[in-house]
Amino acid sequence: MSGLKRRVSEVNDLKTDGPNINKKALLEHIENDESEDRLALESEDNNNSNDDSEDDAEEEENKSTTTTTGSKGQSSGTAAQDIHIIRETAELFKSNIFKLQIDELLQQVKLKDSHILKVEKFLHMLHDLIHEVPEWEPKTIAEAESFFKGKVVRIPFVDPKPDPSSTNYKVDYKTPMISLVGSFALKAGIYQPHGSAIDVLLTMPEELFEKKDFLNFRCLHKRSVYLAYFTHHLNILFKRNKMDEFLQLEYSYFNNDTLLPILKISCKPQDSHISDYNFYKTKFSINLIIGFPYQIFDSKKLLPNRNCIRVASNEPNQSLPATPLYNFSILSSTTYETYLKYLHRAKKQTESFVQATTLGRLWLQQRGFSSKIAHSGTLGGFGTFEFAILMAALLNGGGNNGNKILLHGFSSYQLFKGVIKYLATMDLCNDGHLQFHSDNQSSSKYVEEGFQIPTLFDKTTKVNILSKMSVSSYEILKKSAQQTLTMLNDVVRDQFANVFLTNISRMDNFRYDICYDVVLPNGGKTKPEELTNSTFGPTERIKFITLENFLVNKIANVLKFALGDRIHFVDVELVGKRDTFPISKRKANSGTGNLLNFDLIRVKLLVNPSESEKLVTRGPKHSEEPTPEAVHFKNFWGSKSSLRRFKDGSITHCCVWSTSSTEPVISSIVNFALHKHLSEGTRILNDRTKQLQSFLPLPNLPASSKTSVLNLNSFYNLKRSFDDLYRIIFEMSLPLSVKSILPVGQAFRYTSLCHPVPFAYSNPDFFQEVVLEFETSPKWPDEITSLEKAKTAFLLKIDEQLQANHGDNYKSFFTRDESIPYNLDVILLNVLTPEGYGFKFRVLTERDEILYLRAISNAKKDLVPELEKTYMKFTSKYVASVRHARTLETLSHSIPFFSPVVRLFKRWLDAHLLLDHLNEELVELIALKPFVESSPYSVPGSVENGFLKVLKFLSQWNWKEEPLILDLVKPDEELESGSTDEDPKSTEKMNLGQFKGIQANFQNLRKTDPNGMHVQFFVASKIDPSGILYSSGIPLPIATRLTALSKVAVNLLQTHGFNKQTIDLLFTPALKDYDFVVHLKSPSPLKISSGILDSSEFKNLANDKLLNSFPSDTSSLSRKMDPTYQLVKYLNMKYKNSVIFFSHRYMAVNGGEKGDRNVITGLIKPFFKKPQKFRVNMDYNSKPIDEQTVELNRDAIFHEIAAFCSELLVKFDTD
């Protein structure tokens, strides 16, 4: 029970324990594939399990110093008293664990040698076939098109398709130069469950090009004809060799670049055909990329700021816009081999280069990043290739003065962390860019000059490696790097799984706060002219190449300006986009007759919680002469823009928005902005948020339906009423002065399911608990029963003075409290305030804890466990509840969405009849997990995101083996750099000693209860290191059902999506799982008297029904309360040995339209479902089977329960 501390010497001993760690035990977490979101890392090759059993001594030394502590060369005998050395030791220990985990991870993802040999055999055969393709005489475009008429293969011309009548250049085919490029050539490939691609480069001969072929798509059209001719003959060769039976050819866009069609070779699903060249089991596919010769075009004319597509302009002096996407596509097609050589040099110089690249690949994949072009709606532009290029550049410089950021002797962990730190701390978009030389002629250098686009510029080839990145994808990448750097610098927790194993891109609703589906006026058949509020003319076409790219850029820019600091960033995805298509088609489409290559547009937002619900969008200040900013603001918002004077006297352009209880303000802004700047016919769909937030009960207060879910005014009203009562009690003349009045009720920490509503005494949470402390006195009785009577005397004195001085306004009465086992003398003073709120006071003295501990020490051995439970209940009710309430109240102010998320979570638990079995404090701490321990995600910025993350955590929490340790401090979301310097808040955070102490408590608990039969949930923090204050006493079936329900919920969402049907199912109880179900109906509806707005009625009628006073006789309060609570309480007392009972705690919320329905369900304990041998004094109702055995008399019990329910009973169902 007492606080646990860890001695300094014990922490220092962690270093000496390092070499004795069992590698298999440490890596058990990696090999466990229980989570669907973790990368499938199972090894398929058992022959290589012991290849790297011993590490090189030099590499071991490097990897042992992979943290930023700078402790290399320090003696292991450093004094344990130095606290800084303790921290360094902790980091070293963590890095050593990281090293073991990384070694195992790299071994698990290693490609099988048999797979490599299999695909290499096919590649050799493919090389020979390519040389068999006959050359072609020069043809015009018209002749080329006529050649392919009637053939299976079509020419994959890029848009715009060339006009044969006005095209003068010739196309032909000459044998290409063949080379292997990509990660397979670099020997950096890894096993991936979904398969990997091998890139084969076919470089077109120089004689096929003219000097100015880079203009107006000429070289691209030549490449399209070249690819079609090659595909045609390769298809013939495959048929001739009877390989068409297991091989399939299809066109694809390399990295989703529509300017770069390639030929993709893959194996058909396995059939009876057996061939030495069938590589289906390897899960490889082969990309045949048609490249241009190196330096075939003048690279300076293809710089990102140059125009290479000439179009007619209505204005003679108008300059044409730059064509960066077009220029990059052509220039990058000449550099494949150049960068392969560049990376190969880095690999030869740096022993751990390939391993670090593999770590980078896994990190990027788990976050959804790839080398695909981001301008067409993906988190693209930064994949394994870009990661490797950046790492190679940093090995050759990267600092402001060309100083090296990475060293060749670094381990894979150091290289990986160095690249992550560079991405997290250096701005490669707005403030500067990185220059490097792929020929290694000069060192890489960071230049403090930003181009407002992500820039990693190669001075040799004039290629910007990050050209495929959009600003949005770069912002998300940088944010991900910052979060990862924080995890890597965490010396308390093991973050390996969060960095490398957890797939956070699996489901958008877990990663992003709000998602919108944008449907264009005519879906995929929408024409550019149908976008009435947006123009896609010739200049936009040459800049963005496709309408898809234009729409992604337009939507991202519009929403960034419209939402401003309400969001951290926006991601736009084209749902249904296809990057492969048959060789019989010219280009990819998402459906028949579609002009666009997608079905709908999904907008995904990461919200800034502190700004998201503000009502005013402020623009520039008003001035007599309109500024460019003011003109842009007015043009952007149109009729929504207005002038307003603010408290500081300034007159500002602004937009005012309205709030809603079911939709965030952001939804209104997104709707307005996209309708205005895309098309009025655009549909923005987000029924998910509206439906989920509708499950939060609305208070029956004026304008509650137009109040944001973040609005806490009803809680503040209750607090003001309490403050008035607080002052009255403090001013009373009592035998002992009041020392403190400590509110501990749910409403004081903003977590009650129902909002506090005046006079709504049917609400189970109407009376809020308060702990009253008096000044110390030696005259308190020295026996628990007498002490409780003395406390009651003080409460009687308070009641007497309250009635004497304020009897006209305040009403009060006494009730007995049975929350402390074996102590039935606890009396509570219940006070009703004139504002319509209720409070119940309990008294705490300095003698209570002493007397409880004395009772434990003097008790017989067999009574000690029960008395310890009693003491624990006392502690949680009187002492820990105060700390808990203070902590959560503080956190609720700094984490706006915690209150609605925990309220929705309670609604979900009560819908499934579990809330009555769980302490409110335990539920709140579980709901707090995604807010204070959010890694690897961001802190939730919406109700739906927070709720889904709570379910996800519960579905993955193995509470038998893992404690939940919470650091109850405000989450740090303002990280802009990787600095680990101490800040004022860091002293509040949990340190390693405290964390290890809590872990020791959990291990001691599991030694006595290894299967969690008695205590399942261990939820600890600095204010409760024991971890069991709120979780003891929960039956095992309750814990297992909570885990099972959350797993079913998450699986449902991942399988069937997050939509109206699945949301309804989330809150539908599975009553068929119980042995019996009793349907009840209350004689009087409780919804209105519980202060809940009835959505089926007119609001003025609902307000008329709301009570506006308390009954004159306080004993009649119970007539408007849920009778189910007392009924279940009695049934538990009578049948607690054989049946576990369940019911809804909040009848007004889950009891139908009027709030008058409830159910009581039961599970018969497994022991009583089997026949038992008869014995005297059996403690359950039984009936004989034969002379010696009996069984539970289910029928008699069911009839008794039905009789107890009397007139409340509607229906009794049994299995």
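Among 127, 98, 150, whose Cα lies farthest out toward the positive end of the dipole of the range 92-175, if unit charges sit on the beta carbon of Lys, Arg (+1) and Asp, Glu (-1)?
Checking the options against the dipole of the range 92-175, the answer is 98.
Once the Cβ-Cβ distance between residue 1114 and residue 785 is put in as r, and R0 is 35 Å, what FRET efficiency do you end up with, to the nearest 0.05?
With R0 = 35 Å, the Cβ-Cβ based efficiency is 0.85.
Net charge near residue 462: determine it from the other residues with C-beta under 12 Å of the C-beta of residue 462, scoring Lys and Arg +1 and Asp and Glu -1.
After counting each charged neighbour, the total is +2.
Give me the extension gain from residue 1004 to residue 159: residue separation times 0.36 nm, minus the current Cα-Cα distance, reported in nm with one decimal.
Working it through step by step, the gained length comes to 297.3 nm.
So, in Å, what gap is there between the alpha-carbon centers of the range 664-708 and the range 339-379?
First find each Cα centre; the distance between them is then 41 Å.
Sorted by mean Cβ packing within 10 Å, highest first, what order do the peptides 370-380, 221-231, 1010-1020 take?
The most tightly packed comes first, giving 370-380, 221-231, 1010-1020.
Could you give me the ³J(HN,Hα) list for the range 751-756, computed from phi with Karplus coefficients 6.51, -1.76, 1.60 and θ = phi - 60°, whole Hz, x at Gly and Pro?
Whole-Hz 3J(HN,Hα) from phi for the range 751-756: 10, 6, 4, 9, 4, x.
Using θ = phi - 60° and the Karplus relation 6.51 cos²θ - 1.76 cosθ + 1.60, list the HN-Hα couplings for the range 883-888 in order, rounded to whole Hz, with x at every Gly or Pro.
Taking θ as phi minus 60°, the curve returns 5, 4, 5, 5, 5, 6 Hz for the range 883-888.
If I stretch the segment between residue 731 and residue 868 completely, what's the gain in nm (0.36 nm per residue apart, minus their alpha carbon distance), one decimal?
45.6 nm
So between residue 112 and residue 805, what do we pick up on full extension, going 0.36 nm a residue minus the alpha carbon distance?
Here the segment from residue 112 to residue 805 would lengthen by 240.9 nm.
Can you return the lysines within cross-link range of residue 739? Criterion is Cα-Cα under 29 Å, with same-chain partners fewer than 8 residues away left out.
The qualifying lysines are 719, 779, 789, 791, 797, 811, 840, 869, 873, 877, 1022.
Looking at the range 711-874, I'd like the Rg to Rh ratio, where Rg is from alpha-carbon atoms and Rh is Kirkwood's inverse mean 1/r.
My calculation of the ratio gives 1.00.
Count the net charge of all other residues whose Cβ sits under 10 Å from the Cβ of residue 135, scoring Lys and Arg as +1 and Asp and Glu as -1.
Around residue 135, the charge tally is -1.
Quick check of the Kirkwood formula: for the range 791-899, what is the inverse mean of 1/r over all pairs of different Cα atoms, in Å?
Roughly 16.5 Å, rounded to one decimal.
To the nearest 20 debye, what is the magnitude of the charge dipole of the range 733-870 about its Cα centre, counting +1 on the Cβ of each Lys and Arg and -1 on the Cβ of each Asp and Glu?
Rounded to the nearest 20 debye, it is 60 debye.
If r is the Cβ-Cβ distance from residue 244 to residue 506 and R0 is 35 Å, what FRET efficiency results, to the nearest 0.05?
0.45
Specify the angular offset, from 0 to 90 degrees and rounded to the nearest 10, of the alpha carbon long axis of helix 83-108 from the longest principal axis of the alpha carbons in the chain.
Between the helix axis and the principal axis of the chain, the angle is about 60 degrees.
Could you give the dipole magnitude of the range 112-293 about its Cα centre, charging the beta-carbon of Lys and Arg +1 and that of Asp and Glu -1, in debye to the nearest 20?
Dipole size: approximately 320 debye.
If I model a spin label as a point 7 Å beyond the Cα along the Cα-Cβ vector, how far apart are those points for residue 301 and residue 651 in nm?
Distance between label points: 5.6 nm.
Which value, in Å², gives the accessible area per residue of the range 112-293 when a 1.4 Å probe is used on the protein heavy atoms?
For the range 112-293, the per-residue accessible area is 43 Å².
Given the options 432, 415, 359, identify the residue whose Cα lies farthest towards the positive end of the charge dipole of the range 352-506 (+1 on Cβ of Lys, Arg; -1 on Cβ of Asp, Glu).
359
So what's the back-of-envelope 222 nm ellipticity for the chain, counting only DSSP H runs of four-plus at -39500 (n - 2.57) apiece and dividing by all residues, rounded to 500?
The per-residue figure over the chain is -11500 deg cm²/dmol.
First check a/c for the chain, with a ≥ b ≥ c the square roots of the eigenvalues of its C-alpha gyration tensor; if it is under 1.5, answer rounded, and if not, answer prolate when a/b is larger than b/c or oblate otherwise.
It is prolate, given that a/c is not under 1.5 and a/b is the larger ratio.
Counting only residues 5 or more places away or on other chains, whose amide H sits under 5 Å from the amide H of residue 812 once H atoms are built in the peptide plane?
Amide H neighbours of residue 812: 832.
Assuming R0 = 51 Å, what is the FRET efficiency of residue 889 and residue 860, from their Cβ-Cβ distance, to the nearest 0.05?
Here the calculated transfer efficiency is 0.75.
Could you pull out every residue, at least 5 positions away or on a different chain, whose amide H is within less than 5 Å of the one on residue 837? Hs are placed 1.01 Å off N in the peptide plane, and Pro or chain starts have none.
759
What does the highest-first list of 533-544, 452-463, 829-840 look like by mean Cβ count within 10 Å?
Ranking, from highest mean packing down: 829-840, 452-463, 533-544.
With viscosity set to 0.692 mPa s and temperature to 37 °C, compute the Stokes-Einstein D of the range 653-807, Rh being the Kirkwood radius across alpha carbon pairs; µm²/s, no decimals.
D, rounded to a whole number, is 165 µm²/s.
All other residues with a Cβ under 13 Å from the Cβ of residue 1206 taken together, and with Lys, Arg as +1 and Asp, Glu as -1, what is their net charge?
With Lys, Arg at +1 and Asp, Glu at -1, the neighbours total -1.
In the structure shown, do any of 906/1047; 1081/1120; 283/952 have a Cα-Cα gap over 19 Å, and if so which?
283/952
For the range 352-506, what does the accessible surface come to per residue with a 1.4 Å probe? Please give it in Å².
Normalised by residue count, the accessible surface of the range 352-506 is 28 Å².
Counting only protein heavy atoms, what percent of the accessible surface of the range 427-478 is carbon or sulfur at a 1.4 Å probe?
42
Per-residue counts of other Cβ atoms within 10 Å, averaged by peptide: what ranking do you get for 391-401, 156-166, highest first?
391-401, 156-166
Nothing charged except the Cβ atoms of Lys and Arg (+1) and of Asp and Glu (-1): what's the magnitude of the dipole of the chain about its Cα centre? Round to the nearest 20 debye.
Dipole about the Cα centre, nearest 20: 1960 debye.
Set Lys and Arg Cβ to +1 and Asp and Glu Cβ to -1, take the dipole of the chain about its Cα centre, and tell me which of 524, 804, 1050 lies farthest positive.
Result: 524.
Can you list the equivalent-ellipsoid semi-axes of the range 352-506, largest first and in whole Å, using the square root of 5 times each Cα gyration tensor eigenvalue?
Rounded to whole Å, the semi-axes are 23, 19, 14.
The values are calculated or read from the model by the stated rules, or taken from the named source; none is laboratory data. Bear in mind the structure is a predicted one, so any value in this text is a computation, not a measurement. Using ideal geometry, Cβ is built from the backbone for each residue, glycine included, and neighbour counts are taken over all protein chains shown. In case anyone asks, the SASA skips ligands and DNA or RNA and just uses the protein heavy atoms, side chains included. Shrake-Rupley method; radii C 1.70, N 1.55, O 1.52, S 1.80 Å.
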